1. Just checking: which of the helices (runs of 4 or more DSSP H) contained wholly in the range A:190-257 hold 1 or more residues that are more than 24 Å from the chain's Cα centre (by Cα) and either under 22 Å from A:Ser279 (Cα atoms) or more than 14 Å from chain B (Cβ to nearest Cβ) (or both)?
2. Got at least one residue in the range A:214-223 being of a type in the set (A, V, I, L, M, F, W, C), within 23 Å of A:Ala181 (Cβ to Cβ) and either surrounded by 24 or more Cβ atoms within 10 Å (Cβ to Cβ) or in contact with a His (Cβ under 9 Å, 6 or more places away or on another chain) (or both)?
3. Here are A:Leu134, A:Leu148, A:Leu182, A:Leu124: which of them is more than 9 Å from every other protein chain (Cβ to nearest Cβ) and open to solvent by 10 Å² or more (accessible area, probe 1.4 Å)?
4. Of these, A:Thr456, A:Thr462, which one is farther than 28 Å from A:Ala43 by Cα, at pLDDT below 90 and surrounded by 17 or more Cβ atoms within 10 Å (Cβ to Cβ)?
5. Does A:Asp376 satisfy the criteria of being modelled with pLDDT under 85 and assigned to a helix (DSSP H, G or I)?
6. Quick check, is A:Ala91 assigned to a helix (DSSP H, G or I) and open to solvent by 10 Å² or more (accessible area, probe 1.4 Å)?
7. Criterion first (of a type outside the set (S, T, N, Q), within 10 Å of A:Ala416 (Cβ to Cβ) and part of a helix (DSSP H, G or I)) does A:Met351 satisfy it?
8. Considering (1) farther than 25 Å from A:Arg334 by Cβ; (2) part of a loop (DSSP other than H, G, I, E, B), say which one A:Leu396 fails and leave the rest.
Amino acid sequence: MNPNMTPNLMAVLPTLIIMVTGMVVLIGDSCLKGWKSTKSLSAIVTLIGIAAAGFFALSRITEDSIIVFGGAVVIDSFSNGTALILLATAAFATLLAMTYLENKNLNLGEYYALVLFSTSGSMLMASANDLIVLFIAIEILSVALYVLAGFARTDEKSEESALKYFLLGAFAAGFLLYGIALIYGGTAGAAGNGGTTNLTLISEFLRHTNGVANPMLMAGIALLLVGLGFKAGLVPFHMWTPDVYEGAPTSVTAYMAAGAKIGAFAAIVRVFNAFIPISPYWLIALQVLAVLTMFGGNLLAIVQENVKRMLAYSSIAHAGYLLVGVCAMAGNPRAHDTALGAILFYLFGYMLVTMGSFGILIWLSKRGHDCTTMNDLKGLAKTDPTAAYTMLIFMLSLAGIPLTVGFFGKLQIFNASLMAGQVGIAISMAVASIISVYYYLKVVWTMCFQEPDGNTVEGRATSSFGVNVTVGLSAIGCVLFGILPQTLQFLINASNSIMRP
Amino acid sequence: MEITTQHFLVLSAILFTLGVIGVLVKRNPIVIFMCVELMLNAANLSFVALGRHFGQINGQMYVIFALAVAAAEVSVGLGIIVAIFRSKESINIDEVNLMKF
């Protein structure tokens with residue numbers, strides 16, 4: 001091996017470990033097909049790989065940023081912090097799937113390999129410093145997710161969700177790539193005589209041109225925003241989200257809701273961090289998207305009868321809150337660091353609650369019956385109080401009630417928004433949160449104050465170690481970090497080493 | 001008339017627009033996917049033309065990446081379409097409508 005390559009490879013070690021584990025699981029699983037406990041072995045290997053990658057990411061979280069692969073990849077505390085959140089997501093998705101897939105007769109080792117591949121893609125998104133790397137990382141994430149969405153091959157809904165996700169995802173990839181091409185053309189003179197897709201060079205170029213943008217660059221940024229907006233599920237581009245979340249197997253939905261969104265927001269933060277010198281041109285568009293996303297997601301969630309669909313719309317609303325954080329980051333240099341810390345904290349809290357609430361749905365799913373609708377939850381407090389009261393914690397956290405992690409996440413984003421002087425958008429965030437309380441409490445009301453009928457899931461349906469661990473850890477984390485948010489200070493500080501615009 | 005970089009960029013913009021329109025109006029997933037490929041290739045054309053214009057190798061290099069990604073997408077996409085055809089005997093996008101808001 002070329003000795004100069006070693007520091008580069010060492011820098012991306014967590015991502016590499018995840019990729020290699022994915023390949024080992026994929027090959028090992030098909031080699032040991034006949035053996036009875038192959039599947040648990042695949043899951044265990046997956047968890048070991050995730051733990052190893054997590055160890056390396058955690059050990060480097062305070063280090064300064066290093067730029068490797070000729071400027072294409074940057075490893076800083078932001079990317080390491082995001083990587084930790086993503087690895088936790090992957091670990092939870094693995095734990096949730098073990099019994100659930102078996103009950104659905106879908107216990108295929110490919111699940112674990114695909115989860116690992118898409119995790120490696122989203123980790124790369126968080127450390128991409130070049131738009132082409134970003135594009136490839138998004139595709140690594142997405143292509144694995146298309147397959148995962150259609151993982152229940154015999155289920156028509158799952159197939160439909162895979163097709164919808166695939167067609168719209170590929171459509172978005174077209175916008176993204178064309179946007180990158182236009183940015184490449186629009187930054188003529190950034191690298192010698194030519195253009196560039198490197199975010200550091202773009203940022204420098206924009207500062208030297210005194211924030212004057214040309215039409216080609218502006219069109220490029222607009223198309224890039226459309227492409228990233230699709231991945232993050234922002235409102236005019238959210239149409240796929242509810243269908244895909246509803247149709248995909250629940251453990252995949254949990255992974256998608258957390259992993260893909262975290263990756264997409266890490267990418268949005270990276271990209272728009274570089275475009276800050278020309279923020280007057282695009283900030284207003286981002287703010288309009290944020291308001292549309294918050295209200296669109298929350299208002300559409302109110303009418304849903306399917307809990308998975310309701311959580312899909314709620315995830316859209318949460319993308320809106322995160323976008324408020326991105327606007328604060330770009331709007332004012334004083335709010336830059338605070339907003340970044342708030343976004344990381346929010347992503348972590350959102351991940352815990354998402355895995356937990358989908359975990360409850362998996363907990364209640366029986367062989368041959370997925371727990372997905374409000375009817376399944378009717379009077380749950382009488383038939384399965386543990387599940388009902390744990391779900392209560394998650395719903396309160398999603399709504400942002402104090403003493404939960406969701407409250408502090410929202411509070412920090414709200415603070416950052418006020419610090420950036422964006423009062424109007426901060427107020428619309430507060431109003432949107434109040435609307436959201438209605439449908440989260442509707443779930444609580446259905447569980448606690450309605451009588452169980454024939455549809456209600458009776459008692460513990462699947463007894464699974466993995467689901468118990470996931471739900472338990474998320475619930476504990478949800479309350480613990482809600483009472484002691486300063487324990488996550490290292491995540492909030494993690495944003496301090498991100499490249500300055 | 002000499003063919004300049006601008007001609008390439010205009011052509012690629014036209015191809016991209018055609019691709020977008022195709023995705024929005026067509027009802028067959030395979031045709032929709034062909035239109036998506038048209039969008040990707042419009043971007044590739046821009047990359048190559050701009051790379052030549054700037055005298056940089058980057059543009060050509062990006063195209064290789066984009067082609068590899070497009071190939072991976074094709075394999076997964078056609079797999080999904082075949083799976084749907086097996087269970088439905090049809091791949092009209094209007095018949096894939098179990099879920100609506």
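The values are calculated or read from the model by the stated rules, or taken from the named source; none is laboratory data. Since the structure is predicted, the reported quantities are computational estimates derived from the model, not experimental observations. Note that each Cβ is placed from the backbone with ideal geometry, even for glycine, and that neighbours are counted across all protein chains shown. Protein only, heavy atoms only, side chains kept; ligands, DNA and RNA dropped before computing areas. Shrake-Rupley method; radii C 1.70, N 1.55, O 1.52, S 1.80 Å.
1. Numbers: elements: A:199-208, A:215-232, A:240-247, A:250-255.
Here the list reads A:199-208, A:215-232.
2. First, pick out the residues of the range A:214-223 that are of a type in the set (A, V, I, L, M, F, W, C): A:216-219, A:221-223.
Add one more test, that the residue is within 23 Å of A:Ala181 (Cβ to Cβ), and what stays is A:216-219, A:221-223.
Then keep just the ones that are either surrounded by 24 or more Cβ atoms within 10 Å (Cβ to Cβ) or in contact with a His (Cβ under 9 Å, 6 or more places away or on another chain) (or both); that gives A:217.
The answer is yes; a qualifying residue exists.
3. Only one candidate passes the filter, namely A:Leu124.
4. The match here is A:Thr456.
5. Taking the combined requirement at face value, the residue satisfies it.
6. On the way: assigned to a helix (DSSP H, G or I): yes; open to solvent by 10 Å² or more (accessible area, probe 1.4 Å): yes.
Judged against the criteria, A:Ala91 is a match.
7. When the stated conditions are applied, A:Met351 does not pass them.
8. (2)
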